[in-house]
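Asks: Please find one structure pasted underneath; my questions will follow.
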Amino acid sequence: MFLRVGLAAILMAFSVLASAQRGTFMSADELRELAYPGQPMSWQTLWVTGEQRASMEAILDHSFRSLRVRYWGKGQRTTWVFEEIGKELPITFGVIVEHDSIVEIVVMEYRESRGGEVRYPFFTQQFKGLGLNHGDNYGLNSSIDGITGATLSVRAMKKIATLALFCHQLTPFAQVEHVEQASQS
């Protein structure tokens, strides 16, 4: 009898710990306000070409089926909301990019039972200031330290950071930056 009660208590404790990883931590409106405080914004659309899709699929390491990607943009800043599978379920990320580098990356919604540590600042701060490594294969221009037990969530966040940086360079908001640099040369 005591063994059953003890076992039930242990299982309940693990259940509570697992559900503590899950949650909605930021809405799209909150992300928009973080990126553009007090400024009214409307969605922009990036229409994906076949060549861009191939690059996006190489970054994600799986198919990308959408014909368009919605984002916010103003000045030289863009803000993206993407989902990527962690171990089994999608994780919703928000990424703010400016001057071809990451300003902020946040976990907006986490649905997995493990690996939720990727949402904490001790981990996400590693992404600030990172850009793309422009070689044959797109990747981040610096390495990211992993988290034991969250390997797939870390991998998902790295893919989304890379995807947001790639998409940013396809927008007029990044083009403004490149035109300004060329005119100063």
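Values quoted throughout were computed directly from the atomic coordinates according to the rules given, and no laboratory measurement underlies them. Since the structure is predicted, the reported quantities are computational estimates derived from the model, not experimental observations. Please note: Cβ atoms are built from the backbone with ideal geometry, for glycine as well, and neighbour counts cover all protein chains shown.
Asks: Any chance you could list the semi-axes, whole Å, largest first, of the equivalent ellipsoid that the Cα gyration tensor gives for segment 24-184, using √(5λ)?
Replies: Numbers: eigenvalues 113, 66, 50 Å².
Gyration-tensor ellipsoid for segment 24-184: 24, 18, 16 Å.
Asks: Taking H placed 1.01 Å from N in the peptide plane, check which residues at least 5 places from Leu130 or on another chain put their amide H under 5 Å from its amide H.
Replies: Hits under the 5 Å cutoff: Ile102.
Asks: Enumerate the calculated ³J(HN,Hα) couplings along segment 29-41 in order (Karplus 6.51 cos²θ - 1.76 cosθ + 1.60, θ = phi - 60°), each rounded to whole Hz, writing x wherever the residue is Gly or Pro.
Replies: Values, residue by residue: 5, 5, 5, 4, 5, 5, 7, 9, x, x, 9, x, 9 Hz.
Asks: I would also like to ask the following. So what are the ³J(HN,Hα) numbers for segment 80-86, from phi and the Karplus equation (6.51, -1.76, 1.60; θ = phi - 60°), rounded to whole Hz, Gly and Pro as x?
Replies: Rounded to whole hertz, the list is 10, 10, 10, 10, 9, 5, x.
Asks: Right, here's the next one. For the peptides 31-38, 93-100, what is the packing order when you average, over each peptide's residues, the other Cβ atoms within 10 Å and list the highest mean first?
Replies: Numbers: 31-38: 15.4, 93-100: 22.8.
The peptides rank, most packed first, as 93-100, 31-38.
Asks: Going by amide H atoms built from the backbone, whose H comes under 5 Å of the H on Ala150, apart from near neighbours?
Replies: Amide H neighbours of Ala150, under 5 Å, 5+ apart: none.
Asks: Among the trypsin sites (Lys or Arg not before Pro) in segment 73-129, which ones are in a DSSP loop with at most 11 other Cβ atoms within 10 Å of the Cβ? Mind listing them?
Replies: none
Asks: How much net charge surrounds Ala35 when only the other residues with a Cβ under 12 Å from the Cβ of Ala35 are counted, with Lys and Arg +1 and Asp and Glu -1? Numbers along the way, then the final one.
Replies: On the way: positive: Arg32, Lys74, Arg77; negative: Asp29, Glu30, Glu33, Glu98, Glu104.
It works out to a net charge of -2.
Asks: Mind checking segment 37-92 for GluC sites (Glu not before Pro) that DSSP puts in a loop (not H, G, I, E or B) and that have at most 15 other Cβ atoms within 10 Å?
Replies: Glu88
Asks: Moving to a separate point now. Please list, or write none, the lysines whose alpha carbon is within less than 17 Å of the alpha carbon of Lys159, excluding same-chain residues fewer than 8 places away.
Replies: Lys87, Lys128
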